[in-house]
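Here's the structure, in structure tokens; my notes come after.
Bear in mind that the values in this text are calculations on the coordinates, not laboratory data. No experiment lies behind these values; they were computed from the predicted model shown. Because the Cβ atoms are built from the backbone with ideal geometry, glycine has one as well, and the counts that use them run over all protein chains shown.
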Amino acid sequence: MPCGEKPTNRLSAWHSSGATRQPDPSHAPQKADQTSMFGPMPLLPGSAVWQRDRSHSQVLNYHLNMLLDAARIDSYQRAIEASVQPGDVVVDIGCGTGVLSFMACEAGAKRVYAIESGPIIEAARELAIDNGFADRIEFLDGWSVDVDIPEPADVLITETIGSAGLDEGIVAWICDARQRLLRPGAVLLPQRLRLWVAAAQSFDDHAVVADWQSPDLSYDYSAARRRAERTLWFADIEPSNLLGQPELAADIHLATALNETITSAGHLRVDRDGTLHGLACWFDSLLCPGVTVDNMPPRCDSSWSHGFLPLAEPLAVSAGDRLTWELSVSADGEHWTWQLDSIEG
Ligand SMILES: C[S@@+](CC[C@H](N)C(=O)[O-])C[C@H]1O[C@@H](n2cnc3c(N)ncnc32)[C@H](O)[C@@H]1O
């Protein structure tokens, strides 16, 4: 299917709630009393809270879209075949429908601990029975950080990679699993995650900020606008949205990553005249040697969208301009802060 025609993806599953475009700071857990600097954080697609608050149709649709993402499935399948040895104990963090656990069984795992925080785990249990894997998969309902398993695992599999790479909390989950759930030297899948940023022009995507000042609104919504300005949004970024080359913002080796905020800074060069609306971000990830997944624009048939970190006010820029950017993301993917400035013409 050509780019832009895919009817549903991780974002549109949220769109179908009838809400306007919604933020996705992470699929990470949201505690009821958790607040950001602006108050309670929004619900996050994929998180347990999001899943529990959405209808079954939305949760099922969210998972179906990921299962239909052929490139994602193929990469995970190849990486699991290459990484899981017969007799291995495997832990699958965020098993969803159980698809990656099923692949691990097919690769010869003797036991898979499939951890899932959302209600999709009920379907996963039935699917494991229907597909003949129930004798080898133990489903554990809850957040991986709250779950224990009775034996250390040889292999960790997780697809808690968000549209902005870090926003589903993968760094925090893997750091915790390394300490508590895995044997020393266990195989990690993925092994590495890189985050890319690029200067973006997108009037449509910036509307999530600008529309709070629409003349159609009757009251002063600037407080809501300020929240929108500091929110990580989802967007489908096309190459035509990019004002220059991307820059690497983080290169995380998951075997040694620390459970700490990731900070990064750099310079971007503007290659064409336009209006700067924010930073686009996306990821690529090494699942195992020779096997990668990414959501580099254009998105095409991917179930992933892209991250969009808006500027408070759009900025006219010209070819040759240089921009400075700073970014910090908490390891659990919940808190994003960024700065983007033009430094010279
Ligand atoms: C992107 S989906 C992937 C689902 C499935 N593994 C697949 O590949 O189709 C991530 C799933 O992980 C769950 N999840 C995210 N972080 C989790 C965690 N730390 N512990 C348990 N479940 C988690 C979410 O509820 C969601 O169902």
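General observations
- Computed from phi, the 3J(HN,Hα) profile of the stretch 191-201 under the Karplus parametrisation 6.51, -1.76, 1.60 (θ = phi - 60°) reads 9, 8, 9, 10, 10, 10, 10, 8, 5, 10, 10 Hz, with x in place of Gly and Pro.
- Across the stretch 266-345, the volume of the C-alpha convex hull divided among the residues equals 139 Å³ per residue.
- Along the stretch 64-72 the Karplus relation, 6.51 cos²θ - 1.76 cosθ + 1.60 evaluated at θ = phi - 60°, assigns HN-Hα couplings of 4, 4, 6, 5, 7, 7, 4, 5, 4 Hz to successive residues, with x for each Gly and Pro.
- When each of the peptides 192-199, 158-165 is scored by how many other beta carbons lie within 10 Å of its residues on average, the order from highest to lowest is 158-165, 192-199.
- Ellipsoid equivalent to the stretch 210-285 - semi-axes via the Cα gyration tensor, in Å: 30, 20, 11
- Between the stretch 316-338 and the stretch 73-111, the C-alpha centres lie 35 angstrom from each other.
- Cα shape, the stretch 273-316, gyration tensor, a/c 1.5 rule: prolate
- Amide H contacts under 5 Å for LEU276, placed H, 5+ residues apart: LEU315, ALA316, VAL317
- Seen from every direction in turn and averaged, the convex hull around the alpha carbons of the stretch 194-344 projects onto 10.3 nm².
- Estimated vicinal HN-Hα couplings, Hz - the stretch 252-268 in sequence order (Karplus 6.51, -1.76, 1.60; Gly, Pro = x): 9, 8, 6, 6, 10, 4, 9, 7, 9, 4, 9, 10, 7, 7, x, 10, 10
- A cut-off under 15 angstrom between Cβ atoms defines the neighbours of ASN131, and their net charge, with Lys, Arg +1 and Asp, Glu -1, is -3.
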